[in-house]
Amino acid sequence: MGNKKSGCLYIVATPIGNLEDISFRAIKTLNGADLIAAEDTRHTLKLLNYYNIKKPLISYFEHNKRERGNEIISRLKNGNRVALVTDAGTPGISDPGEDIVKLAIENEIPVEMIPGPTALIMGLVLSGLPCGKFCFEGFLPHRKKERIKRLESIRCEERTIVFYIPPHRALDVLRDLHSVLGNRKSALCRELTKKHEEVIRGTLGQIIETLSSRESIKGEMVLVVEGEKTPEPMPEDRLSSMPVTDHIEHYISSGLNLKDAMKQVAKDRGVSKSDVYSEYIKKKNRVD
């Protein structure tokens with residue numbers, strides 16, 4: 001781990017649930033650190049006690065990262081070896097770990113990474129969706145208006161998309177995803193590596209239906225959603241006999257939302273989107 005005269009910041013990945021999912025190197029690093037900076041010291045203490053690691057602990061989280069970050073840098077400059085851990089998984093992923101890494105680099109302090117568990121990769125692999133290319137969105141905004149705006153910006157993303165979903169907003173987030181992205185194939189991974197680990201696979205609509213039937217929703221979740229698929233244009237020989245509304249329904253059933261379905265129909269037929277919309281409204285009003 002280097003000598004005492006040269007401080008180093010160690011980014012240490014810890015288990016996301018099962019305490020046995022930790023590397024020998026991570027245990028060795030924690031044992032050799034002068035100080036461990038943790039998101040929640042009470043949570044981390046359980047892990048340290050499990051492996052009989054006795055080291056000084058300080059908290060480092062979103063609301064104290066500015067003042068505590070400067071304190072950590074000062075310790076590092078004085079030659080201390082500081083290990084940074086988060087409550088679960090890899091520091092720096094959707095937590096303030098990225099800030100202290102940046103600060104250490106700016107102060108020319110060595111940074112080493114001890115790799116290990118991360119929920120987003122586990123969820124991605126378990127989803128059964130394409131893993132070769134993906135993007136990670138983390139937690140979506142709390143406010144609905146901002147959340148919708150963010151989802152609109154990634155609506156055309158063709159890669160598999162990974163989100164973190166808090167249990168208390170799960171249904172709200174899922175409904176917004178369904179509304180903006182359409183009824184795409186997805187996988188909701190809950191309580192990963194824990195006793196009640198669960199993976200719910202299906203369309204967004206099916207996952208919403210499953211969760212809606214439950215009295216409560218517990219545990220942090222990883223949601224994996226397939227990227228946008230450009231539908232094959234409707235063959236010309238079918239267009240001549242197909243009403244515009246059926247044409248729209250065809251694309252909705254393939255996973256597109258209403259807006260995108262109308263756009264594709266207009267493209268297939270070589271007409272404007274306003275013409276397609278007008279025809280759709282006429283039919284809807286006749287039915288109503």
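The values are calculated or read from the model by the stated rules, or taken from the named source; none is laboratory data. It should be emphasised that the depicted structure is a prediction, and the values quoted were computed from it without experimental measurement. Every residue, glycine as well, gets a Cβ built from its backbone with ideal geometry; the counts of neighbours run over all protein chains shown.
Out of everything in the stretch 253-288 that is small (G, A, S) and assigned to a loop (DSSP other than H, G, I, E, B), what residue ends up being modelled with the highest pLDDT? It would help to see each step written out before you state the result.
Applying the first criterion (small (G, A, S)) to the stretch 253-288 yields 253-255, 261, 266, 270, 272, 274, 278.
Of the ones still in play, those that are also assigned to a loop (DSSP other than H, G, I, E, B) are 254-255, 270, 272.
Details: S254: 70, G255: 67, G270: 84, S272: 88.
The selected residue is S272.
Give the residue that is surrounded by the most Cβ atoms within 10 Å (Cβ to Cβ), with candidates limited to residues of the stretch 185-200 that are within 21 Å of S213 (Cβ to Cβ) and in contact with a Gly (Cβ under 6 Å, 6 or more places away or on another chain).
Here is the first cut: in the stretch 185-200, the residues within 21 Å of S213 (Cβ to Cβ) are 185-191, 196-200.
Now drop any that are not in contact with a Gly (Cβ under 6 Å, 6 or more places away or on another chain), which leaves 189-191.
On the way: C189: 26, R190: 22, E191: 17.
The qualifying residue surrounded by the most Cβ atoms within 10 Å (Cβ to Cβ) is C189.
Of I217, I207, which residue is modelled with pLDDT of 95 or more and not in a strand (DSSP E or B)? Reasoning before the result, please.
Numbers: I217 fails: modelled with pLDDT of 95 or more.
Only one candidate passes the filter, namely I207.
Kindly check whether there is at least one residue in the stretch 135-142 that is over 21 Å from E98 (Cβ atoms), hydrophobic (A, V, I, L, M, F, W, C) and in contact (Cβ under 8 Å) with a residue 24 or more places away in the chain.
No, because not a single residue in the stretch 135-142 is over 21 Å from E98 (Cβ atoms), hydrophobic (A, V, I, L, M, F, W, C) and in contact (Cβ under 8 Å) with a residue 24 or more places away in the chain.
Working carefully through the options L174, L204, L192, find the one that is assigned by TED's automatic domain parsing to the domain that holds P141 and over 24 Å from K144 (Cβ atoms). Steps first, please.
Values: L174 fails: over 24 Å from K144 (Cβ atoms); L204 fails: over 24 Å from K144 (Cβ atoms).
Matching residue, one of L174, L204, L192: L192.
Within the stretch 143-158, take every residue that is acidic (D, E) and in a loop (DSSP other than H, G, I, E, B) and give me the one that is surrounded by the fewest Cβ atoms within 10 Å (Cβ to Cβ).
Pass one, the stretch 143-158, residues acidic (D, E): 146, 152, 157-158.
Within this subset, residues satisfying the condition of being in a loop (DSSP other than H, G, I, E, B) are 157-158.
Working: E157: 15, E158: 13.
Taking the candidates together, the pick is E158.
Among the residues of the stretch 28-40, is there at least one that is in contact (Cβ under 8 Å) with a residue 60 or more places away in the chain, assigned to a helix (DSSP H, G or I), of a type outside the set (A, V, I, L, M, F, W, C) and closer than 26 Å to N107 by Cα? Please lay out each step first, then the result.
Going through the stretch 28-40, the residues in contact (Cβ under 8 Å) with a residue 60 or more places away in the chain turn out to be 29, 37.
Of the ones still in play, those that are also assigned to a helix (DSSP H, G or I) are 29.
Still in the running and of a type outside the set (A, V, I, L, M, F, W, C): 29.
Now restrict to residues that are closer than 26 Å to N107 by Cα: 29.
Yes, there is a match, as at least one residue in the stretch 28-40 is in contact (Cβ under 8 Å) with a residue 60 or more places away in the chain, assigned to a helix (DSSP H, G or I), of a type outside the set (A, V, I, L, M, F, W, C) and closer than 26 Å to N107 by Cα.
For the stretch 27-43, enumerate the residues that are crowded, with 23+ Cβ neighbours inside 10 Å and within 13 Å of G89 (Cα to Cα).
A38
Hey, any hits in the stretch 165-174 for a residue that's over 18 Å from I252 (Cα atoms) and among the basic types (K, R)?
yes
Regarding N18, is this residue polar (S, T, N, Q) and assigned to a helix (DSSP H, G or I)? Lay out the reasoning, then the answer.
On the way: polar (S, T, N, Q): yes; assigned to a helix (DSSP H, G or I): no.
For N18, the condition - polar (S, T, N, Q) and assigned to a helix (DSSP H, G or I) - is not met.
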